[in-house]
Amino acid sequence: MRRHSFSRPIARVPQRFVRTAIHHDYVDGAWTFVSIRFSKRLLLLDECRGAFLRTLVYLGGYCTVEQAQKLGLANSPSRVVAQLQLLQNAGFLRQIANYPVIHQVTKSATRLVGLDLMARRRHTRPTIHCRLVGVNFYLEARAWPAEFTFAHSEKITALNAAGFPTDALPHVGGRPYLWQEFLLRRADGKLCVAAVDRPDNTPKYQTRTLTERYRGVLERIPFEFRLIVVVGSEGRARLYRKWAAQPIAGRFTQHTLKPYQVRTPIPQVNISLEEKQQ
């Protein structure tokens, strides 16, 4: 399985992406439209900025200033803010909230991984909160240590290599579909799929749907595989432990589905209508 590292070189951009792009700048109290060729904006991306953007796309597309620093964008809050502003001016990020300051990737950032992923689209407040929790989980899990696999095709390859055939994986529309969850390998060698708890859905519903999606995997090699539900509070963790022990979750789930509570809390996400429209 390919290791994820910030030392990975920036992917070469297909010629079809080298075209004029429009983004916004706020100057003297008015929005102006600035046209900058995508190829020229790529020149602003050194190895660190490129790796940061690629990682952020795969993590869901959102980050706070503190998370950006922990992701390695810069080594001090003031430098992180400057780097985020540079990426925003270049059209790779947009700021969607002022307090806490939250940035989201744009379509230009998704081009760096070669796909127009949903990370750059508009999302509801609960979804944004989940994406931020997912970033904290990634930062904490790397210290276990754990290695993440992000690319969809590489997730399938990793699970196949571990003994899980493609027909046992979750499918949508007749094809394997693993975009919704993280795939990681712990230091003990076990593969884990991690899903972030959505506070606007019940733990009972999410336990049932997650175990149904991975039932084929659990039935084949249950002790070499783990399901993780990433939560933001002990109360949600207790509910997941409760439902994991119930028949709705299947016979393996009590031993394979475990909640993980992130240590770093996520501040309340406040996004106004005006900020969403920017």
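The values are calculated or read from the model by the stated rules, or taken from the named source; none is laboratory data. Predicted, not measured: the structure shown is a model, and the values here were computed from it. Here Cβ is always computed from backbone atoms with ideal geometry, including for glycine, and neighbour counts include all displayed protein chains. To get the accessible areas, we keep the full protein, side chains included, count just its heavy atoms, and leave off ligands, DNA and RNA. Shrake-Rupley method; radii C 1.70, N 1.55, O 1.52, S 1.80 Å.
Give the number of residues within the stretch 240-258 that are open to solvent by less than 30 Å² (accessible area, probe 1.4 Å) and at pLDDT 80 or above. Walk me through it before giving the result.
In the first step, residues of the stretch 240-258 are kept if they are open to solvent by less than 30 Å² (accessible area, probe 1.4 Å); the result is 240, 244, 249-250, 253, 256-257.
Checking which are at pLDDT 80 or above leaves us with 240, 244, 256-257.
Residues flagged as open to solvent by less than 30 Å² (accessible area, probe 1.4 Å) and at pLDDT 80 or above within the stretch 240-258 amount to 4.
Can you tell me which of (1) open to solvent by 50 Å² or more (accessible area, probe 1.4 Å); (2) at pLDDT below 95; (3) aliphatic (A, V, I, L, M) is the one Leu117 doesn't meet?
(1) is the only condition that Leu117 fails.
Filter the stretch 61-83 down to residues that are outside any strand (DSSP E or B), open to solvent by less than 10 Å² (accessible area, probe 1.4 Å) and in contact (Cβ under 8 Å) with a residue 60 or more places away in the chain and give me whichever is farthest from Val113 (Cα to Cα).
Among those residues, the one meeting the criterion is Gln67.
Among the candidates Arg37, Arg49, single out the residue that is among the basic types (Lys, Arg) and at pLDDT 90 or above.
Numbers: Arg37 fails: at pLDDT 90 or above.
When all the criteria are applied, what remains is Arg49.
State whether one or more residues within the stretch 104-114 are over 20 Å from the mean Cα position of the chain (by Cα) and open to solvent by 20 Å² or more (accessible area, probe 1.4 Å).
Looking only at the stretch 104-114, we keep the residues that are over 20 Å from the mean Cα position of the chain (by Cα), and these are none.
There is no residue in the stretch 104-114 that is over 20 Å from the mean Cα position of the chain (by Cα) and open to solvent by 20 Å² or more (accessible area, probe 1.4 Å).
So Ala143 ticks every box in (1) loosely packed, with under 15 Cβ neighbours inside 10 Å; (2) of a type in the set (A, V, I, L, M); (3) within 13 Å of the chain's Cα centre (by Cα) but one. Which box is left unticked?
(3)
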